[in-house]
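Asks: Would you mind keeping the following structure in view while I ask a few things?
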Amino acid sequence: MTRRFLFVLGSARADGNSELLARKAAEQLPAEVERQWISLAEHPLPDFVDQRHDSDHVRPASGSTTGLFLDATLAATDIVIVSPLYWYSVSSQTKRYLDHWSGWLRTPGVDFKATLAGRTLWGVTALAHAEPEVADPLVGLLSNSAAYLRMRFGGVLLGNGSAPGDVLRDTEALRRAKTFFAREAPLARFPYETAAA
């Protein structure tokens, strides 16, 4: 299968630091790798409504925003969550997208979990802290989501930046961006899983 990257942009600001860093990393991908960039600010998803015990799930219409994200997610070999660090995790727009995964897991004819198994989840984020460990909740959210779906987890590319364009002065982040997507991502594991699990 030809690699196809879906970049889910979760910032409330266009051309924010997380997006700038993701674009620097994407520049290193081979020319034949397909890339799709979708902004959650430009294509806002409706609030997720949990219908597990109330009604049957139906596949969202192809022309709808939810259908756009579902189709793009299913078509991607690599899903890149591009979100600034907000209160130590992803933005509310990004969390809403991930919440919709819960509904897609139960949508007839989609086979969401089996389709995503073996594909790769990545993260790119900019934070306004010198201490990278403040992003641990964001990293945990993504790595545990990948583990649940038996996806590979490529890790999170961290950059430092608060004001617009700040991340382009983070030389260490720009250096890491050059090889971020080049490595083979391992299958994600929950922290408490043993090797035999």
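Every number in this text was worked out from the coordinates using simple rules, so none of it is lab data. Here the structure is a predicted model, which is why all the values come from computation and not from measurement. Neighbour counts are summed over all protein chains in view; Cβ atoms, including those assigned to glycine, are modelled from backbone coordinates with ideal geometry.
Asks: Using alpha carbons only, how many degrees (0 to 90, rounded to 10) separate the axis of helix 65-75 from the longest principal axis of the chain?
Replies: Long axis of 65-75 versus the principal axis of the chain: about 80 degrees.
Asks: Just to be sure I understand the curve: with the Debye formula and one point per C-alpha of the stretch 1-144, what is log10 I(q)/I(0) at q = 0.11 Å⁻¹?
Replies: Summing over Cα pairs of the stretch 1-144 leads to -0.42.
Asks: While we're on this one: Stretched out fully, how many nm does the piece from Val49 to Lys113 gain, at 0.36 nm a residue minus the Cα gap? Kindly include the intermediate steps, with their values, before the conclusion.
Replies: Numbers: separation 64, 0.36 × 64 = 23.04 nm, distance 1.92 nm.
Computed gain between Val49 and Lys113 is 21.1 nm.
Asks: Return the Cα extents of the stretch 62-197 along principal axes one, two and three, sorted largest first, each rounded to a whole Å.
Replies: Cα extents, longest axis first: 46, 43, 27 Å.
Asks: Mind checking the angle between helix 92-104 and the chain's longest principal axis? C-alpha axes, 0 to 90 degrees, to the nearest 10.
Replies: The angle comes out at about 30 degrees.
Asks: May I ask you to list the chymotrypsin sites (Phe, Trp or Tyr not before Pro) in the stretch 86-168 that are in a DSSP loop and have at most 11 other Cβ atoms within 10 Å of their Cβ?
Replies: Those that pass, being in a loop and sparsely packed, are Trp87.
Asks: Using the C-alpha gyration tensor of the stretch 138-180, what are the square roots of 5 times its eigenvalues, in whole angstrom, with the largest one first? Could you put the intermediate results ahead of the total?
Replies: Working: eigenvalues 135, 30, 6 Å².
Output for the stretch 138-180: semi-axes of 26, 12, 6 Å.
Asks: Can you tell me the length gained on complete extension of the stretch Arg13 to Lys178, counting 0.36 nm per residue apart and subtracting the Cα distance?
Replies: Working: separation 165, 0.36 × 165 = 59.40 nm, distance 2.39 nm.
Gain in length upon complete extension: 57.0 nm.
Asks: How many angstrom separate the Cα center of the stretch 128-197 from the Cα center of the stretch 1-79?
Replies: Going from one Cα centre to the other spans 18 Å.
Asks: Give the percent of DSSP beta bridges with both residues in the chain that are antiparallel, rounded to the nearest 5. Don't jump to the answer; show the numbers that get you there.
Replies: Working: 2 of 26 bridges.
Just about 10 percent of them are antiparallel.
Asks: Would you please give the FRET efficiency between Glu27 and Phe190, computed as 1/(1 + (r/R0)^6) with r the Cβ-Cβ distance and R0 = 35 Å, to the nearest 0.05? The partial results should precede the final answer.
Replies: Working: r = 33 Å, r/R0 = 0.94.
Efficiency at R0 = 35 Å is approximately 0.60.
Asks: If the chain between Leu68 and Asp166 were fully stretched, how many nm would it gain, using 0.36 nm times the residue separation less the Cα-Cα distance?
Replies: 32.1 nm
Asks: Relative to the longest principal axis of the chain, what angle (0 to 90°, nearest 10) does the C-alpha long axis of helix 17-26 take?
Replies: Here the helix axis deviates by roughly 90 degrees.
Asks: While we're on this one: Using a cut-off of 23 Å between alpha-carbon atoms, which lysines can reach Lys24, once sequence neighbours fewer than 8 places away in the same chain are excluded?
Replies: Lys24 reaches Lys178.
Asks: Please return the longest stretch of the chain lacking exposed loop sites, where trypsin sites (Lys or Arg not before Pro) count only if DSSP places them in a loop and at most 10 other Cβ atoms lie within 10 Å. Don't skip to the answer; put the middle values down first.
Replies: Values: sites that count: Arg52, Arg183.
Here the longest run is 53-182.
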